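Novice: My questions will all concern the structure given below.
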Amino acid sequence: MAIILDKTKTLFTLQTDHSMYQMKTGRYGVLLHTYFGKKGSIFDYSYLVTYADRGFSGNPYDAENDRTYSLDALPQEYPTYGSGDYRGCALKVRYPDGSFSCELKYKGYEIKKGKYTLPGLPAIYETEDKTADTLIITLEDTRRLFCVHLYYGVFEKLDIITRAVCIENHSDVSLYLENIQTACIDFLYGNFDFHTFYGRHVKERTHQRTPLAHGIQSVGSTRGTSSHQYNPFFILSEKDTSEDTGGCYGMSLLYSGDFLGSAEHDQYEQTRCLLGIHPENFTWCIKPGDSFYSPEAVLAYSDEGLERLSHIYHRAYRENLCRGIWKNKRRPILLNSWEGVYFDFDGDKLVSMAEEASRLGVELFVMDDGWFGKRDLDVSGLGDWIVNEKKLGCSLHDVSDRIHALGMSFGIWFEPEGLNEDSELYRAHPDWALRIPGKPPVRARYQLLLDFSREDVREYILRHVCQVLDSAKIEYLKWDLNRSLSDLYSASLPSDRQGEVAHRYVLGVYDMLEKLNNRYPDMLIEGCSGGGGRFDAGMLYYTPQIWCSDDTDAIERLSIQYGTSFGYPVSTMGSHVSKCPNEQTGRMTPLYTRGIVAMSGTFGYELDPGEMTDEDRETVKNQIAEFKQYYNLIQYGDYYRLTSPDGTKSWHSWEFAAQDGSEAILFAVSLQIHPNGPGCWCRLKGLKKDRIYLADGIEYPGDVLMNTGLPLPAAKTEYDGIRIHITEI
Ligand code: GLA
C-alpha cells in the first residue's frame, strides 16, 4: 500500500517508486503539508516547521495567546481565504451572510484500493495492473456548513499523485464557491525557477524558464479554453536543474477551460504553488445537499532533471489518460485537405487528392472545413451540420465509398461549438448563442459560440453530428474550436448563477465528447482549437491526439513540439508535412526535414499531393515506410530533448530510445550553416552502457555514444535533416 498512516493517525505519507508526499494534522486541527520530493525514510517531516512570533501575521483564535502559531507562515495542505494566511488561497466561499472568511479543521480520512473517479470530469484511471490507491481526507469548516474532501490518487509505478477536491454542502442554505484550487503545494524553503509554456495562435507552448522572485508569478486563461497563450502545466525546478540532473516538480491540470497556475515566493522565502480553475469567471452555487468537484491535477517529482519529469507525464498520459482503441493501436497516416485546398473543393477534387495520396501509402483521408451548409468561406454556415451535396456534387456516402474503394479510411471535420450569424441554426435559435441580452456580442473569426452549458443545445448538435456520421462510413472526426469564449451568459441560468457558465460550458464539451466516444468507440477523434488552443490533459481523456498548431512550418514546429514535449507525449501531438514554401512563413524547408519533424508526432500530410513532383512522391513513399518501421520506437520509446531549438547549436537534435535500451533513433535539423564551420557531436541517451551498437555502419560501445557522443556530419544546406538509427548488436 502506497498510503502509510502512522499510529497516531495524524500523519499521512504517500509513496510512489521515487517520490514521497506527506501531510500532518497539526495543532488545532489544521492539516499541514510537511513534505513533497524525493522518496526517503518515513519520518515525521513536520520537524522542519519552525514556529516564531511573526509580526503582522494573525493567530487562529484556538491558539489563544500563542503568537508563534500563524497560518500566514505555516505550510498548509489546503489554505483558505480569511484564516489569517494572506498568501494566495485554495478556497474562498461566500456564506449566506455575505462574508468569505473560512477555516477548515480535520475531520477524518478514508483509504480505498483503486482510483477514485470524478463525475463528468476527465481523470487518470487505473489499468489492469491495479496499482492505484485512494486517500480521501475530510475537513470541515468551523461554521459547520460544508465539508471539503481532498482526494489523492497514488500511482506508485507511474510516480504520480493525482488530486481533486469535492465540496459538499451539508447545511440547509446555499453556498457560493468563489475560488476553488485543485492543489496547493507549500515549500518551506528552496530557490526555484518557474517553467511555463506561453504562446499565441500559430506559436503555442514556448518553454520559458524564469527565476522565481518575491511576489506571485502566474499563468492562466480566462478565454474559456486552456488557450494558445498559456498551458495548464508548469514546472518548478531547482536553480541548477538540467535535462538530466536536479530536482523538479510538475503540476498539470486535466482541464480545458479557464485555469490559474501560480507560484508565490513569500516574505519568509517560502514558496506556494496553486493550480485550479481561474477564479476570475467563476462562482458556483452549491445548493443544500449538493456537491462540487474540482478538475483533477497530476503532481510529479523528479530528482533526475526535466527529462525524467517529462517521461513520467508521457507514460501516465499515454497509458492512463488517453482511452479507447487508439490508445495502443497504430494511428493511420492521414492526409488532411485544409492547407491543400482550403474551402475550394468538390467531391471529385477530394477523391482525386485521396487517389494520389493512396498511391503514396497514406491511409486516411480527412475532409476538413467547407463540406456543410453555406460554407465557402469562414463567414457563414457554421452550425448547419447538413452536407452540402450541391458543392460536393454528390452525397457524403458517395465520397466516403470512393475513398474506401481506394483502400483508405475517411475522416471529417466539425466545429460543434461554433456558430455563424449567417446560418440557418442562428436564424432559428438566436438565443442558443453565448451572448448577453441587450449587448452586441464580441465576434471572432466572424463567428459566435453556442451555449454548450445547455443540455438542449448540446443534444441538438449531437443529433445533427450523429446524423452526418451515420450517413456514411466515417472513421475519424476532427473536433475544432476557432475562437475564445466571450459574453458569458446563459439564458438557462438565473442571474445569481451566471458565474457558472464558463465551467458548465467545459463540462458540456466533455459530456458531448463522452457521448460521441461511447457511440463510436472505434472512431479516432482528434482535438483542435485553431491548432493548439485547447491542447491540454483534459481533452486527451476524450481525444488521444490534438492538432498541435496551425503553424505547419517544420522549423517553427521544432520549438512548438519541443515545448509541448515537457508535459505531453509525442503520441498526442498532431503533426503534418505541409507544402513548400510554407503557407504561414514562406520558408523553404527540405521535404526530408519536414518529414522527420512530422514523424515526431502523429504524422500525416496537409497539402495537395497532385501538386507534388515525382521526386517528392518518392520521398513521401520512403517517409511513410520509415514512419511505419519506427512507429513503435517513436510512439512508445523514451523521448529525449538533446538540445534546445534556440538556434545556438548548428544541429538541433532529439532522440527516441526503446525503453529496454536496445535501439534508438536520432533526429537532427540544422539551424545554422557555416562554411568551414566547427564540428558537432551528439551525446545519446537511454542506451545500455556495456553493449555494442551499430550507428551509421560503425560499431560503438553504448557508453561511448552516451559519454563522448556521435559525430554528426556537416549540414549540406540550411534546414538539412538527418535521421540515424542506432541498434544493439
Ligand atoms: C482551424 C484548424 C485548421 C482548420 C481550420 C478550418 O484553424 O486549426 O486545421 O481545420 O480551422 O477552418
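The values are calculated or read from the model by the stated rules, or taken from the named source; none is laboratory data. Only a predicted model underlies this, so the values are computations on that prediction, with no experimental measurement involved. Heads up, the Cβs are rebuilt from the backbone with ideal geometry, glycines too, and the neighbour counts pull from every protein chain shown. Areas reflect the complete protein model, heavy atoms only, side chains present, ligands, DNA and RNA absent. Shrake-Rupley method; radii C 1.70, N 1.55, O 1.52, S 1.80 Å.
Novice: In terms of Cα to Cα distance under 20 Å, which lysines are near enough to Lys107, apart from those fewer than 8 places away along the same chain?
Specialist: Within the straight-line limit of under 20 Å, Lys107 reaches these lysines: Lys7, Lys9, Lys24, Lys92.
Novice: Figure the gain on full extension for Asn518 and Arg587 (residue separation times 0.36 nm, minus the Cα-Cα span) and round it to one decimal in nm.
Specialist: Stretched fully, the Asn518-Arg587 segment lengthens by 20.6 nm.
Novice: Return the whole-Å distance between the Cα centroid of the range 28-55 and the Cα centroid of the range 80-159.
Specialist: That distance is 19 Å.
Novice: Pull up the cross-link candidates among the lysines for Lys390, meaning alpha carbon to alpha carbon under 17 Å and not fewer than 8 places away within one chain.
Specialist: Reachable lysines: Lys349, Lys374.
Novice: Could you order Phe146, Phe343 by accessible surface area, starting with the largest, using a probe radius of 1.4 Å?
Specialist: Final ranking, largest accessible area leading: Phe343, Phe146.
Novice: Jot down the per residue volume, in cubic angstrom and as a whole number, of the convex hull over the alpha-carbon atoms of the range 342-430.
Specialist: On the way: hull volume 7.5 nm³, N = 89.
Spelled out: Cα convex hull of the range 342-430, divided by residues, is 84 Å³.
Novice: Which residues' amide hydrogens lie under 5 Å from the amide hydrogen of Ala183, considering only partners 5 or more residues apart or on another chain, with H built in the peptide plane?
Specialist: Amide H neighbours of Ala183: Leu275.
Novice: Please give the helix 554-564 orientation as an angle from the longest Cα principal axis of the chain, in degrees from 0 to 90, rounded to the nearest 10.
Specialist: Computed tilt is about 20 degrees.
Novice: Contact order normalised by length for the chain, with contacts defined as Cα pairs under 8 Å and 6 or more residues apart; what percent is it?
Specialist: 10
Novice: How large is log10 of I(q)/I(0) for the range 3-320 at q = 0.06, 0.08, 0.09 Å⁻¹ when the intensity is taken from the Debye formula with one equal scatterer per alpha-carbon?
Specialist: With one equal scatterer per Cα and no solvent, log10 I(q)/I(0) is -0.18, -0.33, -0.43.
Novice: Given a Förster distance of 22 Å, report the FRET efficiency between Asp53 and Lys239 from their Cβ-Cβ distance, rounded to the nearest 0.05.
Specialist: 0.10
Novice: Also: Calculate the all-directions average of the projected area of the chain's alpha-carbon convex hull, and give it in nm². Before the final figure, lay out each step's value.
Specialist: On the way: hull surface 130.4 nm².
Computing the convex hull of the Cα atoms and averaging its projections yields 32.6 nm².
Novice: Can you tell which of Val577, Met523, Gly347 lies farthest toward the positive end of the dipole of the chain, using +1 and -1 charges on the Cβ of basic and acidic side chains (Lys, Arg; Asp, Glu)?
Specialist: Met523
Novice: Using a 1.4 Å probe, how large is the accessible area of Tyr116, given in Å² and rounded to the nearest 10?
Specialist: 20
Novice: Rounded to whole Å and sorted largest first, what semi-axes of the equivalent ellipsoid does the C-alpha gyration tensor of the range 334-632 yield via the square root of 5 times each eigenvalue? Before the final figure, lay out each step's value.
Specialist: Values: eigenvalues 219, 94, 60 Å².
Result for the range 334-632: semi-axes of 33, 22, 17 Å.
Novice: Follow-up question, since we're still on this one. With a ≥ b ≥ c taken as the square roots of the eigenvalues of the C-alpha gyration tensor of the range 218-326, please select rounded if a/c is under 1.5 and otherwise prolate if a/b is larger than b/c or oblate if it is not?
Specialist: Values: a/c = 2.06, a/b = 1.30, b/c = 1.59.
Oblate shape, in that a/c is at least 1.5 and b/c is the bigger or equal ratio.
Novice: Same structure again: Give the accessible area for Ile729 in Å² (nearest 10); use a 1.4 Å probe, count only protein heavy atoms, and leave out ligands, DNA and RNA.
Specialist: 110
Novice: Which semi-axis lengths, in whole Å and largest first, follow from the square roots of five times the eigenvalues of the Cα gyration tensor of the range 53-95?
Specialist: Semi-axes (√(5λ), whole Å): 19, 11, 9.
Novice: If you don't mind, another one. How long is the gain from Lys9 to Arg200 if the chain were fully straight, where each residue apart is worth 0.36 nm and the alpha carbon distance is subtracted?
Specialist: Stretched out fully, the Lys9 to Arg200 stretch lengthens by 63.9 nm.
Novice: Using the Karplus equation 6.51 cos²θ - 1.76 cosθ + 1.60 (θ = phi - 60°), what ³J(HN,Hα) coupling, rounded to whole Hz, does each residue of the range 325-331 give in order, writing x for Gly and Pro?
Specialist: Karplus values, whole Hz, x for Gly and Pro: 5, 7, 4, 10, 8, 4, 6.
Novice: Oh, and also: Thr34's amide H: which non-local residues (gap 5+, or another chain) put their own amide H closer than 5 Å, with H modeled 1.01 Å from N in plane and none for Pro or chain starts?
Specialist: Gln22, Met23, Lys24
Novice: Mean 1/r over all different Cα pairs, inverted: what Kirkwood radius does the range 374-474 give, in Å?
Specialist: The answer is 14.9 Å.
Novice: Rounded to the nearest 10 degrees, what's the angle between the helix 455-470 long axis and the longest principal axis of the chain, both from Cα atoms, 0 to 90?
Specialist: Helix 455-470 sits roughly 30 degrees off the main axis of the chain.
Novice: Could you rank His652, His674 by how accessible they are, 1.4 Å probe, largest area first?
Specialist: I get His674, His652, largest accessible area first.
Novice: Sticking with this structure for a sec: Under 8 Å for C-alpha pairs, at least 6 residues apart: give me the relative contact order for the range 640-728, rounded to a whole percent.
Specialist: Taking the mean separation of contacting Cα pairs over the length of the range 640-728, I get 32 percent.
Novice: OK, next. May I ask you to list the aspartates and glutamates whose Cα is less than 12 Å away from that of Lys203, ignoring any residue fewer than eight positions away on the same chain?
Specialist: Of all the aspartates and glutamates, those that pass the test against Lys203 - Cα under 12 Å, at least 8 places apart if same chain - are Asp550, Asp551, Asp553, Glu556.
Novice: Provide the per-residue ³J(HN,Hα) series for the range 28-39, in order, calculated from phi with Karplus coefficients 6.51, -1.76, 1.60 and θ = phi - 60°, each as a whole number of Hz, with x at glycine and proline positions.
Specialist: Per-residue couplings from phi come out as 6, x, 8, 7, 9, 9, 10, 6, 8, x, 4, 5 Hz.
Novice: Continuing with this model, one more query. So for the pair Lys157, Ile136, with labels modelled 7 Å out along Cα→Cβ, what separation do we get in nm?
Specialist: Spacing of the two 7 Å Cα→Cβ label points: 2.6 nm.
Novice: Give me the one-decimal nm value for the distance between modelled label points at Asp344 and Lys439, 7 Å along each residue's Cα-to-Cβ direction.
Specialist: 4.0
Novice: Can you send over the carbon and sulfur percentage of the accessible area for the chain, probe radius 1.4 Å, protein chains only?
Specialist: Answer for the chain is 49 percent, counting heavy atoms of protein chains only.
Novice: Pairing the Cα long axis of helix 396-405 with the longest principal axis of the chain, what angle in degrees results, from 0 to 90 and rounded to the nearest 10?
Specialist: 70
Novice: Taking the Cα centre of the range 580-714 as origin, sum charge times position over the Cβ atoms of Lys and Arg (+1) and Asp and Glu (-1), and report the length of that vector in debye to the nearest 20.
Specialist: Value, rounded to 20: 500 debye.
Novice: Quick check: pseudo-label points 7 Å beyond the Cα along Cα→Cβ at Ile325 and Arg427, how many nm apart are they?
Specialist: So the label points at Ile325 and Arg427 sit 4.0 nm apart.
Novice: Only residues of the range 61-84 count here: report those whose backbone N is under 11 Å from the spot 7 Å along Cα→Cβ of Tyr268, or say none.
Specialist: 68-76
Novice: Calculate the length of the line joining the C-alpha centroid of the range 249-326 to that of the range 602-672, in whole Å.
Specialist: Between the Cα centre of the range 249-326 and that of the range 602-672, the gap is 31 Å.
Novice: If you don't mind, there's one more thing I want to ask. Between Thr708 and Thr613, what's the calculated FRET efficiency when r is the beta-carbon distance and R0 is 51 Å? Round to 0.05.
Specialist: 0.80
Novice: With θ taken as phi - 60° and the coefficients 6.51, -1.76 and 1.60, list the Karplus ³J(HN,Hα) couplings across the range 59-74 in order, rounded to whole Hz; mark glycine and proline as x.
Specialist: Values per residue, Gly and Pro as x: 10, x, 4, 4, 6, 6, 9, 7, 6, 8, 9, 10, 5, 5, 10, 9 Hz.
Novice: Now, a different point. Hey, what number do you get for the chain at 222 nm if only DSSP H runs of n ≥ 4 count, each worth -39500 (n - 2.57), divided across all residues, to the nearest 500?
Specialist: Using -39500 (n - 2.57) per qualifying helix, the result is -6000 deg cm²/dmol.
Novice: As a test of reading the structure, rank Thr127, Thr572 by solvent-accessible area (1.4 Å probe, protein chains only), most first.
Specialist: Greatest to least solvent exposure: Thr127, Thr572.
Novice: Accessible area per residue of the chain at 1.4 Å probe, in Å²?
Specialist: Computed with neighbouring chains in place, this is 36 Å² per residue.
Novice: Shifting gears a bit: Exceeding 22 Å between C-alpha atoms, which entries from my cross-link table qualify? They are Lys579/Lys621; Lys649/Lys688; Lys113/Lys515.
Specialist: Values: Lys579/Lys621 16 Å; Lys649/Lys688 26 Å; Lys113/Lys515 28 Å.
In this structure, Lys649/Lys688; Lys113/Lys515 exceed 22 Å between Cα atoms.
Novice: Expressed as a rounded percentage, what relative contact order does the range 334-632 have, with Cα pairs under 8 Å and six or more residues apart?
Specialist: That works out to 18 percent.
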